[in-house]
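Some notes on the structure that comes next.
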Amino acid sequence: MSSDNAASVADVPLIEFRDVEKTYGKGTSEFKALKGVNFQINEGEFVAIMGPSGSGKSTVMNALGCLDTPTAGSYLFQGIRVESLSRDQRALLRRNYLGFVFQGFNLLARTSALENVELPLLYRGMNRHERHAAARKSLALVGLEGWENHAPGELSGGQQQRVAIARALVTSPKVLLADEPTGNLDTARSKEIMELLSQLNSDLGITVLMVTHEAEMAAYANRLIHFVDGKVEQDFYQEPTS
Amino acid sequence: MILNAFLLAVREIRRNLMRSILTMLGIIIGVAAVITMVTLGNGATAQVAAEISSLGSNLLMVRPGQRMGPGRDSSGAKSFKIEDADAISKEIASIVAVAPTASASVTAVYGNENWSTTVVGSNNDYFITGNWELAEGRKFTAAELKAGKTSCVIGNTVAKELLGSNEDVLGKKLRLGSFSCQVIGLLQPKGQSMMGNDQDDTIIMPIKTVQRRLTGNQDIRMIRISVKPDINTDVVNRAITLLLRDRRHLSDNEKNDFMVMDTREITNTLTGTTRVMTMLLGAVAAVSLIVGGIGIMNIMLVSVTERTREIGIRMAIGALEKEVLLQFLVEAVVLSSLGGLIGIILALIASSVGSILMGVPFTLNYGIITLAFVFSAIVGVVFGYFPARNAARLNPIDALRHE
């Protein structure tokens, strides 16, 4: 990744899927989750990935997050073929470029918000002082100043998701991957989270890729990719709501 | 990276404090048991050695006959005479003292009190070979020894039973059967011997006096020989054996009709026994240490299953396989070492209390403490590796989906 020079970064899209296929199982139980997916995503976009369940949108998300590799085709992240990377190289790619937000928040229980947020920094060998400063800054960014010492159990669902977003942001990632970030929240909290995401996208220029099945949430994005039956059915830009 | 893993491990242990303590319990008990057993065992061994050396160190005892203990058959074996003792002191090098002894049981009387005890007849070397010190008075004069005077040096028990504890014992006359003897010295008390008999229950007189007035013969029951401290007693033992064989006219194919005992050998035998006991107890305790290790493995395996989702989060965040492995491994090692440390502290308390209760010296063995600690850390590595590897090999997607 460090071998990229400035010129190549400029003309290579941030993310490119080339005829990506993903097959689960073998023989009679074989299931094709992705049947040749093509798209390019440029830096600074806010993309909503939609589709009915079983359409392959979660599989795309796992592939985008470098948690899984395609069976066929190619996934290029800043021009690098992710499927040719080793498990550890993909972990390093996640560590340095990606931030994750999950539907179920996935925070560590009985661990303060601050400690949850600084978790990714522990793997970067940062000292305690720097870690705390970065984690506080990140929590302030999502509007949780003063909640640093609360464990997830003491926070509301919306606040927990904000902690999770702060954790994803603390490493200043290029891409924020959000898998149904509002799936466990009520409408009011969902709106707040979506506003936060679009604000991060517009103010900090972070590329946001979000899987959702709610059209209301997808409306915040400026691009919509619609999956049906393992294929891209629609891919268009739109004017975001807020 | 190690430091990081250590930090994560400590955080994790703190987060599950109760479970961590229960996990450590096995190691704590194991380490405490091993160290306590070995420390108390070593104390007992040291005490046995100390008691034997109070008999006299580098001591050889020569007696007629080949068997010792009750039912000994000395009818066939000639007794020693005073000349045998003289020959030993003249012809054998590297010896400090030679004390021929003859003894008899008597009832000693003073005023209205009477007391059954043993009279040992010997010379002034007897005090050297027996490690006896005088509390009061003097040893025998050359004239007393030569003439077989009725002077006696008495042990603490005899003094207490006959004369009372606060009386001046010197110059008092004790009646022993048909004659009376004058007390010229009082022995420093030594207490019970290892075999349980009272060493202070004794009266010492010149050997001639005992032979003439009590045993009625010229026989010598035993010759006690003190060897110079830096000399190998085996060499002296062989020299004495050759000399006595010659003096008793034994031909080459005849067996010895006397016995030379070496207190060093008795020491080795007895301390060897307690040492074996110590090792045995230590081994039993070591088993509990291994069981403690298996306990750690159990908890770590459960912990990996329970924390599958957490491992998934860490992997999504960008933790490398080896970082996850290290985290769980370090956690197991920290748990077991911490257990080891607590075990060592408990063992120090238990063995110092135990040594007071058992009346043995408290001998701290740094070797076994180090060994127990290192072993508990190794237990952590060995039993922590398998669960840690399971954790590191998880597929991040499956781990994240785990409920």
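What follows is calculated from the coordinates using simple rules that are stated; it is not laboratory data. Since the structure is predicted, the reported quantities are computational estimates derived from the model, not experimental observations. Using ideal geometry, Cβ is built from the backbone for each residue, glycine included, and neighbour counts are taken over all protein chains shown.
Plugging the Kirkwood radius over Cα pairs into Stokes-Einstein for the range B:78-256, at a temperature of 10 °C and a viscosity of 1.306 mPa s, what D comes out in µm²/s?
Value of D from the Cα-based Kirkwood radius: 92 µm²/s.
Given q = 0.10 Å⁻¹, what are the Debye log10 I(q)/I(0) values for the protein assembly as shown, with equal point scatterers placed on the Cα positions and solvent ignored?
Relative scattering, expressed as log10 I(q)/I(0), comes to -0.95.
With the dipole of chain A worked out from charges on the C-beta (+1 for Lys and Arg, -1 for Asp and Glu) around the Cα centre, which of A:V208, A:F31, A:Y123 lies farthest toward the positive end?
A:Y123
In what sequence do B:T36, B:T263, B:T305 fall when counting other Cβ within 10 Å, fewest first?
By the 10 Å Cβ count, ascending, the order reads B:T305, B:T263, B:T36.
Please sort by residue number the chymotrypsin sites (Phe, Trp or Tyr not before Pro) in the range A:7-70 whose DSSP state is loop and whose Cβ has at most 10 other Cβ atoms within 10 Å.
none
Which residue, A:S53, A:S198, A:S190, tops the fluctuation ranking in a GNM of chain A built on C-alpha contacts under 10 Å?
Of the options given, A:S53 has the highest mean-square fluctuation.
Could you run the Karplus curve 6.51 cos²θ - 1.76 cosθ + 1.60 with θ = phi - 60° over the range B:257-272 and give me ³J(HN,Hα) per residue in whole Hz, x for Gly and Pro?
For the range B:257-272, the Karplus curve yields 9, 8, 9, 10, 9, 10, 4, 4, 5, 4, 4, 4, 4, 5, 5, x Hz.
GNM, chain A, Cα, under 10 Å: largest mean-square fluctuation among A:A135, A:A109, A:A164?
Residue with maximal mean-square fluctuation among A:A135, A:A109, A:A164: A:A109.
Could you tell me, in Å, what Rg and Dmax come out for the Cα atoms of chain B?
33.5, 106
No partner Cβ under 4.7 angstrom, meaning no disulfide-compatible partner by this rule: which Cys of the protein assembly as shown qualify?
Cys with no partner Cβ under 4.7 Å: A:C66.
Gap in Å between the Cα centre of the range A:163-242 and the Cα centre of the range A:69-112?
17
How would the range B:292-403 be classified by its alpha-carbon gyration tensor: rounded, prolate or oblate, with rounded meaning a/c under 1.5 and the a/b versus b/c comparison settling the rest?
It comes out prolate by the Cα gyration axes.
Any idea what the relative contact order of chain A is, in percent, if you count C-alpha pairs under 8 Å spaced at least 6 apart?
27
So if I place +1 on the C-beta of Lys and Arg and -1 on the C-beta of Asp and Glu, and nothing else carries charge, what would the dipole magnitude of chain B be about its Cα centre? I want it in debye, nearest 20.
Dipole size: approximately 120 debye.
Just want the answer: with Cβ charges of +1 for Lys and Arg and -1 for Asp and Glu, which residue in B:G177, B:A147, B:G137 is farthest toward the dipole's positive end in the range B:131-177?
Value: B:A147.
Can you sort B:V379, B:V260, A:V211, B:V360 from fewest to most other Cβ atoms within 10 Å of each residue's own Cβ?
If I rank by nearby Cβ atoms, fewest first, I get B:V260, B:V360, A:V211, B:V379.
Rank B:S226, B:G367, B:A392 by how far each Cα sits towards the positive end of the charge dipole of chain B (+1 on Lys, Arg Cβ; -1 on Asp, Glu Cβ) and give me just the farthest.
The listed residue farthest towards the positive side: B:S226.
Considering only the protein assembly as shown, what is the antiparallel percent among its DSSP beta bridges, to the nearest 5?
70
Considering only chain A, what is the antiparallel percent among its DSSP beta bridges, to the nearest 5?
55
Just need the relative contact order of chain B here, percent rounded to a whole number, with Cα pairs under 8 Å and 6+ apart.
30
Can you show me the helix-derived [θ] at 222 nm for chain A, built from DSSP H runs with n ≥ 4 at -39,500 (n - 2.57) apiece and divided by the number of residues, rounded to the nearest 500.
It comes out at -10500 deg cm²/dmol, rounded to the nearest 500.
Percent relative contact order of the range B:78-256, based on C-alpha pairs within less than 8 angstrom and at least six residues apart?
This gives 32 percent for the range B:78-256.
Roughly how big is the range B:78-256's charge dipole about its Cα centre, with Cβ charges of +1 (Lys, Arg) and -1 (Asp, Glu), in debye to the nearest 20?
The dipole of the range B:78-256 has a size of about 540 debye.
Taking chain B as the reference, fit the longest principal axis to its C-alpha atoms, fit the long axis of helix B:2-15 to the helix C-alpha atoms, and give the angle between the two in degrees, 0 to 90, nearest 10.
Taking Cα atoms only, the helix is inclined about 90 degrees.
Within the range A:6-237, what is the number of lysine pairs with alpha carbons under 29 Å apart, leaving out pairs fewer than eight places apart on the same chain?
21
Report, in deg cm²/dmol and to the nearest 500, the calculated mean residue ellipticity at 222 nm for chain B, where each DSSP H run with n ≥ 4 adds -39500 (n - 2.57) and the sum is divided by the residue count.
The helix contribution divided over chain B gives -19000 deg cm²/dmol.
Could you tell me whether the range B:63-163 comes out rounded, prolate or oblate from its Cα gyration tensor? Rule is a ≥ b ≥ c as square roots of the eigenvalues, rounded for a/c under 1.5, then prolate if a/b exceeds b/c, otherwise oblate.
Oblate shape, in that a/c is at least 1.5 and b/c is the bigger or equal ratio.
Run down the aspartates and glutamates and flag those whose C-alpha is under 20 Å from the C-alpha of B:K208, throwing out any fewer than 8 positions away in its chain.
Cross-link targets: B:E83, B:D84, B:D86, B:D125, B:E144, B:D219.
At a 10 Å Cβ-Cβ cut-off, how would you order B:F362, B:F258, fewest neighbours first?
Neighbour counts put them in this order, fewest first: B:F362, B:F258.
What is the projected area of the convex hull of the Cα atoms of the range A:161-242, averaged over all directions, in nm²?
5.7
For the protein assembly as shown, give the magnitude of the charge dipole about the Cα centre (Cβ charges: +1 Lys/Arg, -1 Asp/Glu; no others), in debye to the nearest 20.
Result for the protein assembly as shown is approximately 2480 debye, rounded to the nearest 20.
What Kirkwood Rh does chain A have if only Cα atoms enter the pairwise 1/r average? Answer in Å.
For chain A, inverting the mean 1/r across all distinct Cα pairs yields 18.5 Å.
Could you tell me the calculated FRET efficiency between B:A49 and A:N127, based on Cβ-Cβ distance and R0 = 56 angstrom, to the nearest 0.05?
Result of the calculation: an efficiency of 0.50.
Of all beta bridges DSSP finds with both residues in the range B:78-256, what is the antiparallel percent, to the nearest 5?
Of those bridges, close to 75 percent are antiparallel.
Between the DSSP loop rule and a limit of at most 15 other Cβ atoms within 10 Å, which trypsin sites (Lys or Arg not before Pro) in the range B:260-313 are left?
Listed in order of number, the matching sites amount to none.
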